[in-house]
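A.B. asks: Before anything else, here's the structure in question.
The values are calculated or read from the model by the stated rules, or taken from the named source; none is laboratory data. In this text, all values refer to a predicted model and were calculated from it rather than measured experimentally. Positions of Cβ are generated from backbone atoms using ideal geometry, with glycine treated the same way; all protein chains shown enter the neighbour counts. SASA here: full protein model, heavy atoms, side chains in, ligands and nucleic acids out. Shrake-Rupley method; radii C 1.70, N 1.55, O 1.52, S 1.80 Å.
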Amino acid sequence: MIVGVPKESFPGERRVALVPGVLANLKKAGLDVVIEKGAGTEAGYPDSTYSDKGAKVLATRGDVFATADIITQVLCYGSNDRTGKADLALMKRDQVLIGFLRPLGSKEVVQEIAGKGVTSFSVEMMPRTTRAQSMDALSSMATACGYKAVLIAADTLPKFFPMLTTAAGTITPSRVLIVGVGVAGLQAIATARRLGAVVSAYDVRPVVKEQVQSLGARFVELGIEAKDAQDSRGYATAQGEDFYARQRAAMGKVIAENDVVITTAVVPGKKAPVLVTAEMVRGMAPGSVVVDLAAERGGNCELTRPGETIVDSGVTIIGRINLASTVPYHASSLYARNVTAFLQHLVKDGKLNVKMDDEITRETLLTRGGEIVNGRVREFFQLPALAVPSGA
Ligand code: NAD
């Protein structure tokens, strides 16, 4: 089978879905690779690095879609709501599509993808199990985002992060608060600690307390308990507005004590909860920084403008989106390893093997044979359950 890698088309996107380092493993699995000319250039992988490893470089995007049995992208139509739609015209029936598809985004968009008859797999739906860990692209990208958020904060803050003892006196370390301690939050804690900041962190899921402490940060207790904070998949559950109001009331003082606040709090399929109000921002010292990693999902800070940086009463609120794309070499390398592990799972003896009794396949399969076939997605969009799951 042939795997095709088009150049990412989302404006400013620098990642690429496969890197030359994974081609040998794909070959072993019976998969040849074609890439669109220049697909890896912005991530630091020139065309020659692919052709040296046996990939064919094709001149146009159309050639890649026409040649490949499997297309893999980082941002497919769905997650690429700016330019992704153009790919619909290039897709072929029964072609396999693997990438970020934003399955709980717009029903109409997912239906459009289904309508092309492609067999699409959404990497966002990868189960959070030990077996699927090597295929977990969401975690890889969150790692890049958590790391970069801290660097951006450090670059913006008019202070040093570490304590410094100098001939001119001692500088006290900056204080960094991480709100939401999933994969991005944990990486942010580790990165801020490496830079010498005093770090504290808060999450609605009490189980993360030990993880926070093991990274040398303090876990913030707000004295309010969330009901069933975590679902069976390890994600936070949505809480009522009453809980969020109590959370905000308790959080104000904590926020004011910090120089930097990095927020990452999201709930799958929901708008991000507002945890940092305008009033809290105005309670922070001038020069302080808020980096809102939930910006793309509406933001955890009331003042966040997705994709923009604003200054309000001396506090900088950074709502940058798509941060993983700003570490494109390593973000692509991690993503490529995730996709390769997934392909090794899906392809047996050079053929696509869609086994619906396999949890990884079943949970990631989004569309097939013209329909949205994913049970969770159908339920989310209130579509009737399929009588016989396609491919069963
Ligand atoms: P996420 O991106 O869905 O959310 C980020 C964090 O925000 C979560 O920790 C969540 O609890 C928190 N949050 C949500 N609402 C909040 C609120 N109101 N206040 C404070 N915090 C709030 O999280 P993620 O990075 O995808 O991780 C989700 C879970 O999956 C974690 O338990 C993580 O350890 C686990 N995980 C497991 C595996 C695996 O086992 N293979 C892989 C990756 C992640």
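A.B. asks: Which of (1) touching a strand residue (DSSP E or B) at 6+ places or on another chain (Cβ under 9 Å); (2) crowded, with 16+ Cβ neighbours inside 10 Å is the odd one out, the single condition residue 345 does not satisfy?
C.D. replies: Every listed condition holds for residue 345 apart from (1).
Each row is one residue, and each column tells you yes or no for (1) crowded, with 16+ Cβ neighbours inside 10 Å; (2) among the hydrophobic types (A, V, I, L, M, F, W, C); (3) in contact with a Leu (Cβ under 9 Å, 6 or more places away or on another chain).
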site	(1), (2), (3)
192	yes, yes, no
233	no, no, no
253	no, no, no
265	yes, yes, yes
268	yes, no, yes
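A.B. asks: Condition test on residue 9, is it open to solvent by 50 Å² or more (accessible area, probe 1.4 Å) and among the polar types (S, T, N, Q)?
C.D. replies: The answer is no for residue 9.
A.B. asks: If you don't mind, another one. Mind checking which helices (runs of 4 or more DSSP H) fall wholly inside the stretch 278-369 and carry at least 1 residues that are small (Gly, Ala, Ser)? Talk me through it step by step, then tell me what you get.
C.D. replies: On the way: elements: 278-282, 328-346, 359-364.
Fully inside the stretch 278-369 and qualifying: 278-282, 328-346.
A.B. asks: Condition first: free of Cβ contacts under 8 Å to residues at least 40 places away in the same chain and open to solvent by 20 Å² or more (accessible area, probe 1.4 Å). Now tell me which residues in the stretch 66-87 satisfy that.
C.D. replies: 66, 81, 85
A.B. asks: Condition first: under 21 Å from residue 123 (Cβ atoms) and open to solvent by 30 Å² or more (accessible area, probe 1.4 Å). Can you find one or more residues in the stretch 309-325 that meet it?
C.D. replies: Yes: one or more hits.
A.B. asks: Could I ask something else about it? Is the stretch 293-302 home to any residue that is in contact (Cβ under 8 Å) with a residue 60 or more places away in the chain and under 15 Å from the mean Cα position of the chain (by Cα)?
C.D. replies: yes
A.B. asks: Residue by residue through the stretch 103-123, note down the ones that are surrounded by fewer than 20 Cβ atoms within 10 Å (Cβ to Cβ) and either in a strand (DSSP E or B) or not hydrophobic (A, V, I, L, M, F, W, C) (or both).
C.D. replies: Within the stretch 103-123, 105, 106, 107, 108, 111, 112, 115, 117 qualify.
A.B. asks: I'd like the full set of residues that are open to solvent by 20 Å² or more (accessible area, probe 1.4 Å) and in contact (Cβ under 8 Å) with a residue 60 or more places away in the chain, limited to the stretch 180-190.
C.D. replies: Scanning the stretch 180-190 gives a single hit, 182.
A.B. asks: Identify all residues within the stretch 91-102 that are under 15 Å from residue 3 (Cα atoms) and open to solvent by less than 60 Å² (accessible area, probe 1.4 Å); write none if there are none. Reasoning before the result, please.
C.D. replies: In the first step, residues of the stretch 91-102 are kept if they are under 15 Å from residue 3 (Cα atoms); the result is 91-92, 94-99.
Passing the criteria: 91, 95, 96, 97, 98, 99.
A.B. asks: Also, quick follow-up: Out of the residues in the stretch 307-338 that are more than 14 Å from the chain's Cα centre (by Cα) and either within 16 Å of the ligand (Cβ to nearest atom) or of a type in the set (D, E, K, R) (or both), which is farthest from residue 277 (Cα to Cα)?
C.D. replies: Here the answer is 337.
A.B. asks: Further question on the same structure: Against the definition (under 14 Å from residue 17 (Cα atoms) and touching a residue at least 12 places away in the same chain (Cβ under 8 Å)), how does residue 149 come out, yes or no?
C.D. replies: So residue 149 fails the test.
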